[in-house]
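Let me begin by presenting the structure, written as structure tokens, before commenting on it.
The values are calculated or read from the model by the stated rules, or taken from the named source; none is laboratory data. Just so we're clear, the structure is a prediction, and the values are computed from it rather than from any experiment. As a convention, Cβ positions derive from the backbone with ideal geometry for all residues, glycine included, and neighbour counts pool all protein chains shown.
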Amino acid sequence: MIRFDSDYIEGCIPEILEALQATNQEQCPGYGEDIHSLHAKELIQQTIGNSEADIYFLSGGTLTNVTVISSILKHHQGVITASSGHIHTHETGAIEAYGHKCLTLPSTDGKIYAKDVDAYISEHYASDVAVHTVQPGLVYISFPTESGTLYQKKELEELYSICKKHDVPLFIDGARLGYGLSAKTNDLSIQDIAQLCDIFYIGGTKVGALFGEAVVITNDKYKKDFKYHIKQHGGMLAKGRALGIQFEVLFSNNNYFNISKHSIAMAELLTEGFIKKGYSFQYEATTNQLFPILSKAKQKELEKEFAFQYWEPYDENHDVIRFVTSFMTKKENIEYLISKL
């Protein structure tokens, strides 16, 4: 079985395994205070061009989203997200379980836009019954989005401007950040990302690490006591070195961006194959997530040799299917899949 159902189906880049083995007998302080974690933080600060950013390593995306969001919101506040947003559709109500509501905006492409966020927040405060409803206290987006689409720099600038207008922080889920930044249609740098939000995270689990995400807090307002929230949510690993070493490797020798470029190159090859075979896409194919429209008969045929994910119905005889490339996707597997389309 050749798998294209996600970008965390392989382990990690070889350099991480080598570094974990080489440092295995080192005695290190716990809870992320080891030299590798501290060095990894410095490397990330250098990469984003902000030596004042606070950086913390957590083990996974859901834990990261819950920890960040609950650290910011007051009890009566909720988080604005696209109706397709990961926190709303793929985290088993984790945000709600911690007492906060996902305030969804309709989206056809995975994105939310400045004018809609502005209208939502303005209408809340203009309402005579505002106090009886959940107050918008945070805006959440992902880059790339759940639909594999990208915010352009102008869109992100406009969105962040509205967030600042209403004094509502912007949080960017970067579980697949490397793939978004490496896409040919992208016009944002990681430095831009750091400047155009209050908090974001750099995904490792889906981009070359065994596990782990790096939370980056750029707004001083949200730095105080964040460690306490990590601990209370069960996110403070005693062997924090296991996270620090991985990000130390990812942000050395341009590894993070090189492996991301490989995934995008494989996605472009697969996109070209789908197009040549006459297939169309539900969403623009820009990153490592592709959403071709396949007949039910073709799906059944492909399922014998390939793993992929059903996404949503298209019509009576067709569905939207998700294929995902990763930092380790093999060119020969892409070519074999194309031969079977």
Would you be able to say whether some residue in the range 67-78 is closer than 17 Å to Ile202 by Cβ, in contact (Cβ under 8 Å) with a residue 60 or more places away in the chain and in contact with a Ser or Thr (Cβ under 8 Å, 6 or more places away or on another chain)?
-> no
Matching residues in the range 314-341 (in contact (Cβ under 8 Å) with a residue 60 or more places away in the chain, among the hydrophobic types (A, V, I, L, M, F, W, C) and closer than 16 Å to Leu302 by Cα) number 6
Quick one: in the range 101-123, of everything that is of a type in the set (Gly, Ala, Ser) and outside any helix (DSSP H, G or I), which residue is surrounded by the most Cβ atoms within 10 Å (Cβ to Cβ)?
-> Gly110
Taking the range 153-197 and keeping only residues that are among the polar types (S, T, N, Q) and within 19 Å of Glu268 (Cβ to Cβ), one is left with Ser182, Thr185, Asn186
Among residues of the range 156-181, those that are within 16 Å of the chain's Cα centre (by Cα) and either touching a residue at least 40 places away in the same chain (Cβ under 8 Å) or more than 23 Å from Asp116 (Cβ to Cβ) (or both), counted | 10
Filter the range 127-157 for residues that are among the basic types (Lys, Arg) and in contact with a helix residue (DSSP H, G or I) (Cβ under 8 Å, 6 or more places away or on another chain) and give the result.
-> Lys153
Test: residue in the range 55-71 that is out of contact with any His (no Cβ under 7 Å at 6 or more places or on another chain) and more than 25 Å from His233 (Cβ to Cβ) = no
Would you check if there is a residue in the range 275-294 being more than 21 Å from the chain's Cα centre (by Cα) and among the acidic types (Asp, Glu)?
-> no
Scanning the range 242-288 for residues that are of a type in the set (Gly, Ala, Ser) and free of Cβ contacts under 8 Å to residues at least 24 places away in the same chain, the one surrounded by the fewest Cβ atoms within 10 Å (Cβ to Cβ) turns out to be Gly278
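Every residue, every condition in (1) in contact with a Phe, Trp or Tyr (Cβ under 6 Å, 6 or more places away or on another chain); (2) of a type outside the set (A, V, I, L, M, F, W, C); (3) buried (at least 19 other Cβ atoms within 10 Å of the Cβ); (4) not assigned by TED's automatic domain parsing to the domain that holds His124, yes or no:
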position: Leu38; (1), (2), (3), (4): no, no, no, no
position: Ile48; (1), (2), (3), (4): no, no, yes, no
position: Ile55; (1), (2), (3), (4): no, no, yes, no
position: Leu58; (1), (2), (3), (4): no, no, yes, no
position: Asn65; (1), (2), (3), (4): no, yes, yes, no
position: His75; (1), (2), (3), (4): no, yes, no, no
position: Glu96; (1), (2), (3), (4): no, yes, no, no
Breaking point among (1) of a type outside the set (Gly, Ala, Ser); (2) surrounded by fewer than 16 Cβ atoms within 10 Å (Cβ to Cβ); (3) within 18 Å of the chain's Cα centre (by Cα), for Ile44 = (2)
Give me the pairs, please: first residue somewhere in the range 141-155 and in contact (Cβ under 8 Å) with a residue 12 or more places away in the chain and aliphatic (A, V, I, L, M), second residue anywhere and part of a helix (DSSP H, G or I) and surrounded by 24 or more Cβ atoms within 10 Å (Cβ to Cβ), beta-carbon distance under 6 Å, and either six or more positions apart or on two chains.
-> Leu150/Gly180
Output the residues belonging to the range 58-99 that are within 20 Å of Leu159 (Cα to Cα) and in a loop (DSSP other than H, G, I, E, B).
-> Leu73, Ser83, Ser84, Gly85
Residue list for the range 77-87, filter: within 17 Å of Cys163 (Cα to Cα) and either surrounded by fewer than 21 Cβ atoms within 10 Å (Cβ to Cβ) or of a type in the set (Phe, Trp, Tyr) (or both) = Gln77
Residue set Lys184, Lys223, Lys239; condition touching a strand residue (DSSP E or B) at 6+ places or on another chain (Cβ under 7 Å), in contact (Cβ under 8 Å) with a residue 60 or more places away in the chain and surrounded by fewer than 21 Cβ atoms within 10 Å (Cβ to Cβ); output residue Lys223
Considering residues that are of a type in the set (Val, Ile, Thr) and farther than 27 Å from Thr286 by Cα, the number found within the range 114-163 is 5
